[in-house]
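Read through the structure below, which is laid out as structure tokens, and then see the notes.
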Ligand code: SF4
Ligand code: SF4
């Protein structure tokens, strides 16, 4: 399962071949089979936090899409409040699984239930194999995972695999009223997401963990409550059962 | 910090019990190979015997507890854990599964060779017993080390992500293994002395020691206490290295270790239960009796109460070590987002 990005030359060839493809998401998804012949696909997401109003529509859409049991969250929006009056701000940080290129959750899974799909780079859990040992829950630096109390298996965002494989955008992307989320193939230089990432200052969460996330942010507020120890006021509201980031 | 613990009491108990079992097997096999096989008389063989009979139990109980902690078990898929046996991969838990299974098998066979009450060096199980012991030393060490690797494999858990943790667990496993043997032989003191008398009466050739039966009993107690003191010393050294390297760094690990340093939420539990009660106090008591024999050449005779209390607090400390480590690892995480 080599997830490394295609070398530049190959990408350019793919770009030329893909010229006919439109830059819209649906098309980007639709060209996947043809493009996969020459390079690997890595789906990713770009979240422009400047466009996010913290309405939780994505969280609700996700809940409805997967019937996520009460108390668990595959997708959530954190509020980051900081500063002293009058110099204050509140920023929103939508969160989900990063479908990492070096997923520690996969490394530790003893049953092979968690794996990264070779065809599109989506990290998935096979609930039939998973024994619910919670090792992956511990290993994910983003707290993206939980044990689904109904299935007893590990659960998390799967980029709406059932929709994406039919060329439909993930539920959170489709529902976002601010159009803050862009979904697509990071390895296709012609995709909207790849272009936006190439032309904007972007960041990923906790890059120091070495997991190489594939969810990018524009203007993410990386402030954390631990900064309180430096004397600045920061409050993070996670809007999930886990009241604090860990 | 109001975190829900994904790994709770079953995992804490498992880490402790697997350590005790692994330690007991390693110590028993070492004693047997070193001298309990025939040259040191009956009391060494008896120590090896207690270790061998103890070893499988805690590991089997601990592994059973692990199954209780599984999400699949909670959801009513009782036997889904068997999926573990359909895969071998590089996950420490996968390696651990196979290792534990092999350990349980080996330790049961090893224990079986000691089962006969008249078992003695050179009996018909001797060859099997010794082969098991040769395998048992590396096997016990592997199980003890692996419990630390299991926790240490994750950068997302800076408290656990230290190679020293596996060493701490190894020393703790060996010392709690010794403590388990000490406690058992004390509780079965009468039984053991009666057995020693029977052995010395039945064959004088097997005895090379000049000591009387009571003296033999205390001689083996001396060896256990002396090795326990040494192991506790090593464990304290490893804990010191763990703390000092975490303290001298910056970022994730420094932040994580602060929960057991002064002012941290687990500091009291750690310093009282693990360091003082579980390590320093028993080491000092054992040292007191050991040095009397070592330096002043007095006979080693420990009061019954001490012989019960010391291993008990060593075992309690070993449990609290796993408690503090497992909880501390889960209430801390990487700094920043
Ligand atoms: S965010 Fe967590 S669960 Fe998702 S792929 Fe990365 S390590 Fe795995
Ligand atoms: S909980 Fe399931 S997916 Fe996660 S590591 Fe355990 S077996 Fe693998």
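The rows are residues; the columns are (1) in a loop (DSSP other than H, G, I, E, B); (2) closer than 26 Å to residue A:135 by Cα.
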site: B:264; (1), (2): yes, yes
site: B:273; (1), (2): no, no
site: B:282; (1), (2): no, no
site: B:302; (1), (2): yes, no
site: B:307; (1), (2): no, no
site: B:312; (1), (2): no, no
site: B:323; (1), (2): no, yes
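Residues in the stretch A:217-233 that are out of contact with any strand residue (DSSP E or B) (no Cβ under 9 Å at 6 or more places or on another chain) and within 12 Å of another protein chain (Cβ to nearest Cβ): A:229, A:230.
For the stretch B:190-200, does any single residue satisfy the condition of being at pLDDT 80 or above and closer than 30 Å to residue B:320 by Cα? There is no residue in the stretch B:190-200 that is at pLDDT 80 or above and closer than 30 Å to residue B:320 by Cα. As a summary of the residue check, residue A:224 satisfies the conditions (1) within 11 Å of residue A:100 (Cα to Cα); (2) touching a residue at least 12 places away in the same chain (Cβ under 8 Å) except for the one numbered (1). Between A:182, A:177, A:168, A:197, the distinction of being surrounded by 23 or more Cβ atoms within 10 Å (Cβ to Cβ) and modelled with pLDDT of 95 or more belongs to A:182 only.
Can we say residue B:98 is more than 9 Å from chain A (Cβ to nearest Cβ), in a loop (DSSP other than H, G, I, E, B) and under 23 Å from residue B:58 (Cα atoms)?
On the way: more than 9 Å from chain A (Cβ to nearest Cβ): yes; in a loop (DSSP other than H, G, I, E, B): no; under 23 Å from residue B:58 (Cα atoms): yes.
Judged against the criteria, residue B:98 is not a match.
If we scan the stretch A:198-212, do we find a residue that is within 16 Å of the chain's Cα centre (by Cα) and away from ligand 1 (no atom under 14 Å from the Cβ)? Break it down into steps so the answer makes sense when it comes.
Here is the first cut: in the stretch A:198-212, the residues within 16 Å of the chain's Cα centre (by Cα) are A:202-207, A:209-212.
From what's left, away from ligand 1 (no atom under 14 Å from the Cβ): A:202-203.
Checking the stretch A:198-212: at least one residue is within 16 Å of the chain's Cα centre (by Cα) and away from ligand 1 (no atom under 14 Å from the Cβ).
Conditions (1) within 12 Å of ligand 1 (Cβ to nearest atom); (2) closer than 16 Å to residue A:45 by Cβ; (3) under 15 Å from the mean Cα position of the chain (by Cα), marked per residue:
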position	(1), (2), (3)
A:90	no, no, no
A:127	no, no, no
A:138	yes, no, no
A:155	yes, no, yes
A:172	no, yes, yes
A:191	no, yes, no
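Residues in the stretch A:234-244 that are assigned to a loop (DSSP other than H, G, I, E, B) and in contact with a strand residue (DSSP E or B) (Cβ under 6 Å, 6 or more places away or on another chain): A:238, A:239, A:240.
Of the residues making up the stretch B:105-124, just one is more than 17 Å from residue B:44 (Cα to Cα) and part of a loop (DSSP other than H, G, I, E, B), namely B:124. Just so you know, in the stretch A:124-133 the residues that are surrounded by fewer than 23 Cβ atoms within 10 Å (Cβ to Cβ) and touching a helix residue (DSSP H, G or I) at 6+ places or on another chain (Cβ under 7 Å) include one that is farthest from the other protein chains (Cβ to nearest Cβ), and it is A:124. Looking only at the stretch A:137-155, residues that are in a loop (DSSP other than H, G, I, E, B), more than 7 Å from chain B (Cβ to nearest Cβ) and under 20 Å from residue B:333 (Cβ atoms) come to 4 in all. Within the set of pairs 6+ apart or on separate chains, which have a first residue in the stretch A:107-123 that is away from chain B (no Cβ under 14 Å), a second that is part of a helix (DSSP H, G or I), and C-beta atoms under 7 Å apart? From the stretch A:107-123, the pairs are A:119/A:36; A:122/A:161; A:123/A:105; A:123/A:106.
Conditions tested, residue by residue: (1) outside the structural domain of residue A:222 (by TED's automatic domain parsing); (2) near ligand 2 (Cβ under 9 Å from one of its atoms); (3) more than 17 Å from residue A:75 (Cα to Cα).
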{"residue": "A:120", "(1), (2), (3)": "no, no, yes"}
{"residue": "A:132", "(1), (2), (3)": "no, yes, yes"}
{"residue": "A:154", "(1), (2), (3)": "no, yes, no"}
{"residue": "A:162", "(1), (2), (3)": "no, no, no"}
{"residue": "A:188", "(1), (2), (3)": "no, no, yes"}
{"residue": "A:194", "(1), (2), (3)": "no, no, yes"}
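Against the condition under 18 Å from the mean Cα position of the chain (by Cα) and away from ligand 2 (no atom under 16 Å from the Cβ), how does residue A:241 come out, does it pass? Even if it seems obvious, please write down each step before you answer.
Numbers: under 18 Å from the mean Cα position of the chain (by Cα): no; away from ligand 2 (no atom under 16 Å from the Cβ): yes.
No.
Kindly indicate whether any position in the stretch B:267-284 is surrounded by 15 or more Cβ atoms within 10 Å (Cβ to Cβ), at pLDDT below 95, at negative phi and more than 20 Å from the chain's Cα centre (by Cα). So far as the stretch B:267-284 goes, no, none of its residues is surrounded by 15 or more Cβ atoms within 10 Å (Cβ to Cβ), at pLDDT below 95, at negative phi and more than 20 Å from the chain's Cα centre (by Cα).
The values are calculated or read from the model by the stated rules, or taken from the named source; none is laboratory data. Predicted, not measured: the structure shown is a model, and the values here were computed from it. Reconstructed Cβ throughout: ideal geometry from the backbone, glycine too, with neighbour counts over all protein chains shown.
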